[in-house]
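Worksheet for the structure shown next.
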Amino acid sequence: MRRRAPRGRGAELRGEVLHAAMDLLRETGDVDAVSVRAVAQRVGVSAPSIYLHFADKQALIDAVCEEVFEALHQTMREAGEQAPDPFAALRAQGNAYVHFALANPEHYRIVLMTGGASSGPHDSDLEIASGAFAYLVGSVRACMAAGVFSGDPVEVALGLWAAAHGVAALLVAKPGFPWPDVDAFVDRTICMAGMGLAVLDRVLPDDDLPLPDLVALLETLRR
């Protein structure tokens with residue numbers, strides 16, 4: 001058992017506890033394995049020391065979820081910084097999102113693929129309020145200002161998120177499936193979602209077109 005942290009070192013201990021919980025999630029892939037006792041043993045403190053920073057296990061899991069989303073936010077922001085225009089930045093961010101999930105499969109699975117690891121006060125709005133989603137909406141707004149998209153930026157961002165999450169979830173859930181080249185597959189899927197939304201309002205009228213007319217209209221898009 002390690003010594004009691006000196007006065008003023010509480011924030012440091014909180015960080016150690018949080019990272020220990022994240023490591024346990026990565027290693028076990030099981031939120032049930034992240035007990036206060038297991039985290040305390042890993043950090044080398046008593047369980048009551050953890051309760052000074054987290055009210056209960058659920059509060060600790062909530063904090064882990066927030067940490068994952070913040071890391072995702074930073075990954076997406078960095079991915080778009082060097083892009084030459086807003087649409088290229090959005091493409092880079094979509095690729096970064098999926099590759100973040102692949103690099104952190106257990107965290108991604110627990111946070112976004114298990115029906116919600118959290119039932120605390122954050123869980124209902126955690127994804128929507130997170131910096132990652134807010135940043136995605138901002139990127140969509142930039143594309144709208146450039147003339148790429150139209151409509152409600154939140155709705156467009158949700159569509160893009162659905163596409164990125166779909167491919168990420170499949171790759172995480174089925175790693176043994178005979179996928180094609182993953183990098184190319186991810187990029188094509190992200191492009192498909194972005195370009196699909198960009199042309200949707202321009203190509204499809206309010207009424208359904210007969211298939212031959214739709215094909216003819218699509219052919220006009222060829223370069």
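Per the conditions (1) of a type outside the set (D, E, K, R); (2) surrounded by 12 or more Cβ atoms within 10 Å (Cβ to Cβ); (3) free of Cβ contacts under 8 Å to residues at least 24 places away in the same chain; (4) in a helix (DSSP H, G or I), the sole criterion not satisfied by T189 is (3).
Where helices (runs of 4 or more DSSP H) sit wholly within segment 35-153, those with at least 2 residues that are among the small types (G, A, S) and at pLDDT 95 or above occupy 86-103, 131-145.
What residue, of L209, L197, L214, is farther than 21 Å from A88 by Cα and either touching a strand residue (DSSP E or B) at 6+ places or on another chain (Cβ under 7 Å) or assigned to a helix (DSSP H, G or I) (or both)?
Working: L209 fails: either touching a strand residue (DSSP E or B) at 6+ places or on another chain (Cβ under 7 Å) or assigned to a helix (DSSP H, G or I) (or both); L197 fails: farther than 21 Å from A88 by Cα.
Sole residue among the options that is farther than 21 Å from A88 by Cα and either touching a strand residue (DSSP E or B) at 6+ places or on another chain (Cβ under 7 Å) or assigned to a helix (DSSP H, G or I) (or both): L214.
Looking at L18, L60, L24, just one residue is surrounded by 16 or more Cβ atoms within 10 Å (Cβ to Cβ), over 17 Å from M113 (Cα atoms) and free of Cβ contacts under 8 Å to residues at least 40 places away in the same chain, and that residue is L24. Listed by first and then second residue, the pairs linking a residue in segment 137-153 that is within 14 Å of D85 (Cα to Cα) and surrounded by fewer than 13 Cβ atoms within 10 Å (Cβ to Cβ) to a residue that is of a type outside the set (A, V, I, L, M) and modelled with pLDDT of 95 or more, with Cβ atoms under 6 Å apart and 6 or more places separating them unless they lie on different chains, are A146/P86.
Is it fair to say V154 is under 23 Å from P105 (Cα atoms) and of a type outside the set (S, T, Y)? For V154, the condition - under 23 Å from P105 (Cα atoms) and of a type outside the set (S, T, Y) - is not met.
The values are calculated or read from the model by the stated rules, or taken from the named source; none is laboratory data. All values reported here derive from a predicted model rather than from experimental measurement. In this analysis, Cβ positions are derived from the backbone assuming ideal geometry, glycine residues included, and neighbour counts consider all displayed protein chains.
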